[in-house]
1. When you go through 139, 61, 122 one by one, which is the residue that is touching a helix residue (DSSP H, G or I) at 6+ places or on another chain (Cβ under 8 Å) and surrounded by fewer than 20 Cβ atoms within 10 Å (Cβ to Cβ)?
2. Give the number of residues within region 108-162 that are farther than 21 Å from residue 223 by Cβ, in contact (Cβ under 8 Å) with a residue 24 or more places away in the chain and not in a strand (DSSP E or B).
3. Which residues, taken from region 67-100, are surrounded by fewer than 16 Cβ atoms within 10 Å (Cβ to Cβ) and not in a loop (DSSP other than H, G, I, E, B)?
4. Applying the selection to region 24-36, what residues are touching a strand residue (DSSP E or B) at 6+ places or on another chain (Cβ under 9 Å) and either surrounded by fewer than 19 Cβ atoms within 10 Å (Cβ to Cβ) or in contact (Cβ under 8 Å) with a residue 40 or more places away in the chain (or both)?
5. Just for region 200-224: of the residues that are crowded, with 21+ Cβ neighbours inside 10 Å and free of Cβ contacts under 8 Å to residues at least 60 places away in the same chain, which one is nearest to residue 122 (Cα to Cα)?
C-alpha cells in the first residue's frame with residue numbers, strides 16, 4: 001500500500017515525519033517514539049512511512065501505536081524506495097492537510113524533551129525563517145564515541161559553512177511549509193546519496209532563510225556500521241558529485257573542492273581510521 005492522501009482531522013500546526021525500514025531495531029524505535037511522547041509541548045501529530053516490508057514485531061508495534069491514536073498517519077508499502085521518497089510522501093500529505101511545520105526524526109534517534117517546544121517557539125518568533133535546526137550529540141551503544149556537533153546560527157554564516165559541510169543537521173530540522181513551496185521536495189533520483197545535501201542546495205538557490213538554534217536538540221545514535229556505510233566507492237563518488245553540484249550552482253569556487261576531496265579521502269579510509277578522522281573534521 002502506498003501513501004494514503006486522506007483528509008486528516010487535526011488542530012495541530014506541527015507534524016513529525018519519520019521513515020522506518022527493515023534494519024531499524026524495535027527497541028531503539030520504541031525509545032525514539034518515547035522521546036516524542038515525553039515532549040514538554042505535545043500539540044503535534046506523528047506521520048510514519050514504512051519503507052518496504054518490516055520485521056513482524058516492528059510492524060505489529062506500529063499497528064498498535066496507530067490503532068491507539070499515538071501515530072496519526074501510518075503508510076505502508078512493500079518496496080523499499082529510500083528515505084527521500086518516503087519523506088516526500090509524508091510531506092505531500094502534510095501540505096494537503098495544511099500543517100505549518102514539519103519536523104524530521106529518525107527511527108533510532110532521541111529528541112530532547114524540550115526539542116519541539118524550543119524549535120516551534122523559535123520559528124514562531126522568527127517569521128522570516130523557512131528552516132532551522134539544532135546542534136546534535138552523537139553517541140554509541142556499541143563503542144566509545146561521544147561528540148557534540150555544532151553549527152553556525154545565522155543565515156549568512158550557514159551559507160558560507162555550506163562550502164565545506166551541510167548547514168543544518170538533517171535529523172534536527174524543522175521546516176516551515178514555505179520551504180517546500182519555494183524549493184520543492186527531496187531529490188529521489190539516487191538512493192545512496194545524502195538526501196539533505198541537495199535539499200539544502202535547493203533551499204539556498206530558492207532564497208529560503210536558514211538558521212540554527214543554540215541548543216542540543218537531538219541525540220543521534222552512531223551504530224557499528226555508521227562508518228562502513230560511508231565507505232563504499234559508489235557512495236563516496238555519489239556524495240562527491242552532489243558536492244560538486246552544490247559548488248557549481250551556488251558559485252562557491254575552488255576552495256570548496258578542496259574540502260570535498262578531503263571528505264572523499266576520509267570516507268575511503270578503513271572504518272577504524274575514519275572514526276578518528278570524523279572527530280576532527282565534523
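Only the coordinates and a few stated rules stand behind these numbers; no lab work does. Note that the structure is a prediction, hence the values are computed from the model and not measured. Ideal geometry is used to build each Cβ from the backbone, glycine not excepted, and the neighbour counts take in all protein chains shown.
1. Working: 139 fails: touching a helix residue (DSSP H, G or I) at 6+ places or on another chain (Cβ under 8 Å); 122 fails: touching a helix residue (DSSP H, G or I) at 6+ places or on another chain (Cβ under 8 Å).
Step by step, each of 139, 61, 122 is checked, and only 61 is touching a helix residue (DSSP H, G or I) at 6+ places or on another chain (Cβ under 8 Å) and surrounded by fewer than 20 Cβ atoms within 10 Å (Cβ to Cβ).
2. 22
3. Of everything in region 67-100, those that are surrounded by fewer than 16 Cβ atoms within 10 Å (Cβ to Cβ) and not in a loop (DSSP other than H, G, I, E, B) turn out to be 67, 92, 95, 96.
4. As a first pass, look at region 24-36 and keep what is touching a strand residue (DSSP E or B) at 6+ places or on another chain (Cβ under 9 Å): 28-29, 31-36.
Answer for region 24-36, where residues must be touching a strand residue (DSSP E or B) at 6+ places or on another chain (Cβ under 9 Å) and either surrounded by fewer than 19 Cβ atoms within 10 Å (Cβ to Cβ) or in contact (Cβ under 8 Å) with a residue 40 or more places away in the chain (or both): 28, 29, 31, 32, 34, 35, 36.
5. 200
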